[in-house]
1. So if I check each of Ala141, Ala106, Ala122, which one is crowded, with 17+ Cβ neighbours inside 10 Å, away from the ligand (no atom under 14 Å from the Cβ), closer than 18 Å to Ser52 by Cα and not basic (Lys, Arg)?
2. Here are Pro101, Pro93: which of them is in contact with a helix residue (DSSP H, G or I) (Cβ under 8 Å, 6 or more places away or on another chain) and within 14 Å of the ligand (Cβ to nearest atom)?
3. Is there any pair linking a residue in the stretch 90-109 that is in contact (Cβ under 8 Å) with a residue 40 or more places away in the chain to one that is among the β-branched types (Val, Ile, Thr) and in a strand (DSSP E or B), with Cβ under 8 Å and at least six apart or on different chains, and which?
4. Only residues that are acidic (Asp, Glu) and surrounded by fewer than 16 Cβ atoms within 10 Å (Cβ to Cβ): list them for the stretch 78-103, please.
5. Find the residue count for the stretch 96-133, including only residues that are touching a Pro at 6+ places or on another chain (Cβ under 9 Å) and of a type in the set (Gly, Ala, Ser).
6. So Met1 passes all but one of these: (1) modelled with pLDDT of 50 or more; (2) more than 20 Å from Arg150 (Cβ to Cβ); (3) surrounded by fewer than 22 Cβ atoms within 10 Å (Cβ to Cβ). Which condition number does it fail?
7. Regarding the stretch 117-127, can at least one residue be identified that is more than 18 Å from Ile78 (Cβ to Cβ), without any contact (Cβ under 8 Å) to a residue 12 or more places away in the chain, out of contact with any strand residue (DSSP E or B) (no Cβ under 7 Å at 6 or more places or on another chain) and not in a helix (DSSP H, G or I)?
8. Which residue, of Arg113, Arg148, Arg142, is touching a residue at least 40 places away in the same chain (Cβ under 8 Å) and within 30 Å of Leu68 (Cβ to Cβ)?
Amino acid sequence: MSRISRVFTELGLVELNREFALHPTQMVFPLSAKAGTLLGWAQQQGLWEPLSLWSLVRLLADCASPSLEGGRSTNLSISWFDAEIGEVVRARPDGCDLCRPLLLGALTTFRARPVVSSLTEALKWRGCDCGSLADEAALRARGEGDFRKRLVGIARRWEADQASAAGRTTLPIL
Ligand SMILES: [Zn+2]
């Protein structure tokens, strides 16, 4: 397991895969900041940002099988990586104008064919700094301690923020 994947494991993302290992399809959902939700509020407060699409690509490259034949994770699938910014979604997993088309293309290909080679072109990309910046951000997040504890702390602050209570929706909390 690579250093980056260990970070994601510590962030609780890969663990979901293990918990649902008996399910036929294992899904990875990168989260967006949605209006009226906990993460939407946290993003507004500067307490949380959606992961970079580069982090999703790195995670999938580490978890996916090299081929569709007899691989260990050919049932891996993804969604929510291309949410449209609007009244509900305020910030999403993203790249820059240069790498976004490449990343969305690679992830769409991966969704149809969940093998490492679907990500090869993206993994070779050197046209911007987004990939290395995402790696640095993931390592920094590791240094900030347990993700779940931090999330509970953010949720307590959100509950205590009466000013935002009226704008909360009945959407799922995240
Ligand atoms: Zn970029």
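The values are calculated or read from the model by the stated rules, or taken from the named source; none is laboratory data. Keep in mind it's a predicted model, so treat the numbers as computed, not measured. Heads up, the Cβs are rebuilt from the backbone with ideal geometry, glycines too, and the neighbour counts pull from every protein chain shown.
1. Ala141
2. On inspection, the qualifying residue turns out to be Pro93.
3. Leu107/Ile78
4. Glu84, Glu87, Asp97
5. 1
6. Failing condition for Met1: (1).
7. Among the residues of the stretch 117-127, at least one is more than 18 Å from Ile78 (Cβ to Cβ), without any contact (Cβ under 8 Å) to a residue 12 or more places away in the chain, out of contact with any strand residue (DSSP E or B) (no Cβ under 7 Å at 6 or more places or on another chain) and not in a helix (DSSP H, G or I), which makes the answer yes.
8. Arg113
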